[in-house]
Amino acid sequence: MNDLRIRPAVPDDLDAVLAFWKTAAEGTSISDDRDGVERLVARDPEALLLAEREGELVGTVIAGFDGWRCHLYRLAVHPDHRRRGIGSALLTAADERFVRLGGRRGDAMVLVRNERAQHAWRAAGYEPQEQWRRWVKQLTD
């Protein structure tokens with residue numbers, strides 16, 4: 001794991017990140033486009049964390065903090081690099097970021113059908129909160 005580098009994304013990384021998510025991430029979002037990710041990086045330049053090994057993108061996580069709550073999205077590890085501690089290293093980096101910013105609790109968006117992710121989040125110390133339900137509304141067509 002010593003050769004793993006975790007760093008914030010920069011605008012030049014965004015096309016590679018979007019392509020990576022098509023391979024490594026589960027599901028898609030309305031925000032998974034160049035404009036959406038550019039807005040994220042412009043608003044919070046340290047939110048999108050990348051894991052690289054030998055210059056290759058092998059993992060991502062979005063560690064967003066709105067000043068009140070800590071939110072985690074897009075934890076993704078390339079299928080050829082899973083089960084090697086990359087996801088754990090990304091979550092550790094995200095947790096450290098949140099603590100530096102004054103965050104007190106992290107929450108994660110995890111698809112119910114993604115059982116592999118359920119296990120990974122549980123192993124990282126996260127627990128599902130069955131009493132909550134996510135509500136969404138499309139703001140654009």
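The values are calculated or read from the model by the stated rules, or taken from the named source; none is laboratory data. No experiment lies behind these values; they were computed from the predicted model shown. Every residue, glycine as well, gets a Cβ built from its backbone with ideal geometry; the counts of neighbours run over all protein chains shown. Accessible surface is based on the protein model in full, side chains and every heavy atom, while ligands, DNA and RNA are left aside. Shrake-Rupley method; radii C 1.70, N 1.55, O 1.52, S 1.80 Å.
Details
- The residue pairs whose first member lies in region 81-103 and is free of Cβ contacts under 8 Å to residues at least 12 places away in the same chain and farther than 10 Å from Ala120 by Cβ, whose second member is of a type in the set (Phe, Trp, Tyr) and open to solvent by less than 70 Å² (accessible area, probe 1.4 Å), and whose beta carbons are closer than 7 Å, counting only pairs six or more residues apart or on different chains, do not exist in this structure.
- For region 77-92, filtering for residues that are small (Gly, Ala, Ser), out of contact with any helix residue (DSSP H, G or I) (no Cβ under 6 Å at 6 or more places or on another chain) and either open to solvent by less than 30 Å² (accessible area, probe 1.4 Å) or closer than 21 Å to Ala16 by Cα (or both) leaves 1.
- Among (1) open to solvent by less than 30 Å² (accessible area, probe 1.4 Å); (2) closer than 23 Å to Gln138 by Cβ; (3) part of a helix (DSSP H, G or I), the one test that Leu72 misses: (3)
- Test: residue in region 62-71 that is of a type outside the set (D, E, K, R) and either without any contact (Cβ under 8 Å) to a residue 12 or more places away in the chain or over 22 Å from Gly125 (Cα atoms) (or both): yes
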